[in-house]
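First up is the structure itself, then whatever we jot down about it.
The values are calculated or read from the model by the stated rules, or taken from the named source; none is laboratory data. If you're wondering where the values come from, they're calculated on a predicted model, not measured in any experiment. Here Cβ is always computed from backbone atoms with ideal geometry, including for glycine, and neighbour counts include all displayed protein chains. All accessible areas refer to the heavy atoms of the entire protein, side chains included, with ligands and DNA or RNA removed. Shrake-Rupley method; radii C 1.70, N 1.55, O 1.52, S 1.80 Å.
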Amino acid sequence: MSIKAVVFDAYGTLYEIQSVAEITEDAFPGYGEIITQIWRIKQLEYTWLRSLMRRYQDFSAVTRDSLAYTLRLLGLAYEGEAFERVIEKYLDLDLYPDAAAALAALKPRKLAILSNGSPDMLNALVRNSGLDRLLDATISVDAKKVFKPSPEAYTLIGETFGTRPDEVLFVSSNPWDVAGAKSFGLNVAWIERVTPEAMALACVENELVAPLTMYKAIRTQMDELGFAPDHRVRALSELPTVA
């Protein structure tokens, strides 16, 4: 089947979530790494909890609430200026080095982002990174008021491009997103940036498991949900060989 559109997750797939660590460390010296990991874990949990409770708030609100939770949990007092400075980084996350070239190589297929991010967050992020020159659409789940991996979120791809699920390659580094997209019927490529072998070795070689290692253990390994990706690649640059 010919692939007519390649659709990417944003956070963790095209954009390096861990690039917030430098600013969290600057704002809260000695706590940057643990803030970054707990913040992301709670951010994802809040999207799933709000979807299940049918109490949707957009990703901007979820991101703020999960950071507030993290700072309270760690007993860190903060001023509004420091909080806003950390939040603002989500509008200017670092691109993975091979992202722009990978997207350019996938033309003339239609290219898009489908993300849990709110429209304002995504539009600023895409513009600041220069991907607005390569993407045909930036799609936010806000249009459905439910977060991925809800099936309703993935319907936005067909509504945008007029494609069937089997005409789309969906790309994500997040295992929960891979499972959701595959369950919906999309062709799926998983960016497997951390292998199980590397993860196991990191745990064995360290007497204490660092926050980043723990984060990778629970967020970068394929989940046991009964859905496997069609393609496993180690980097975005490998996508043109499978699309």
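Sorted by accessible area with a 1.4 angstrom probe, largest first, how do 42, 216 fall?
Working: 42 35, 216 70 Å².
Largest accessible area first, the residues go 216, 42.
Would you please name the GluC sites (Glu not before Pro) within the stretch 39-148 that are DSSP coil residues with at most 11 other C-beta atoms within 10 Å of their C-beta? Working shown, then result.
Numbers: sites: 45, 79, 81, 84, 88; in loops: 79.
When the GluC sites (Glu not before Pro) of the stretch 39-148 are filtered for loop state and at most 11 Cβ neighbours within 10 Å, 79 remain.
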**Prompt:** For labels at residue 16 and residue 199 in the simple 7 Å Cα→Cβ model, what's the distance in nm?
**Reply:** 2.1 nm
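Where both residues lie in the chain, what percent of DSSP beta bridges are antiparallel, nearest 5? The partial results should precede the final answer.
Numbers: 2 of 22 bridges.
Around 10 percent of the beta bridges assigned by DSSP in the chain are antiparallel ones.
Could you work out the helix-only [θ] at 222 nm for the chain, with each DSSP H run of four or more residues adding -39,500 (n - 2.57) and the total divided by the number of residues, to the nearest 500 deg cm²/dmol? Write out the running numbers ahead of the final one.
Values: 10 runs with 111 residues, N = 243.
When only DSSP H runs of four or more count, the value is -14000 deg cm²/dmol.
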**Fill in**
Contour minus Cα-Cα span, residue 132 to residue 74, at 0.36 nm per residue, comes to 17.1 nm
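Quick one: pull the percent of accessible area on the chain belonging to carbon and sulfur, 1.4 Å probe, ligands and nucleic acids left out. Working shown, then result.
Values: 5910 of 11330 Å².
Within the chain, the accessible surface is 52 percent carbon and sulfur.
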**Asked** Got a number for the accessible area of residue 193? Probe 1.4 Å, square angstrom, nearest 10.
**Response** 80 Å²
**Prompt:** By how many nm would the segment from residue 207 to residue 89 grow when fully extended, if each residue of separation counts as 0.36 nm and the alpha-carbon distance is taken off?
**Reply:** 39.2 nm
**Request:** Heads up, I need the accessible area for residue 142: 1.4 angstrom probe, whole protein in place, Å², nearest 10.
**Result:** 30 Å²
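Determine the per residue accessible area of the stretch 1-94 with all protein chains present and a 1.4 angstrom probe, expressed in square angstrom. Provide the component values of the computation, followed by the final result.
Values: 4460 Å² over 94 residues.
Spelled out: the 1.4 Å probe surface of the stretch 1-94, per residue, equals 47 Å².
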**Complete:** Under the rule rounded for a/c under 1.5, else prolate if a/b exceeds b/c, else oblate, using alpha carbon gyration tensor axes a ≥ b ≥ c, the stretch 57-126 is classed as prolate
**Message:** Using protein chains only and a probe of 1.4 angstrom, how many square angstrom of residue 26 are accessible, to the nearest 10?
**Reply:** 100 Å²
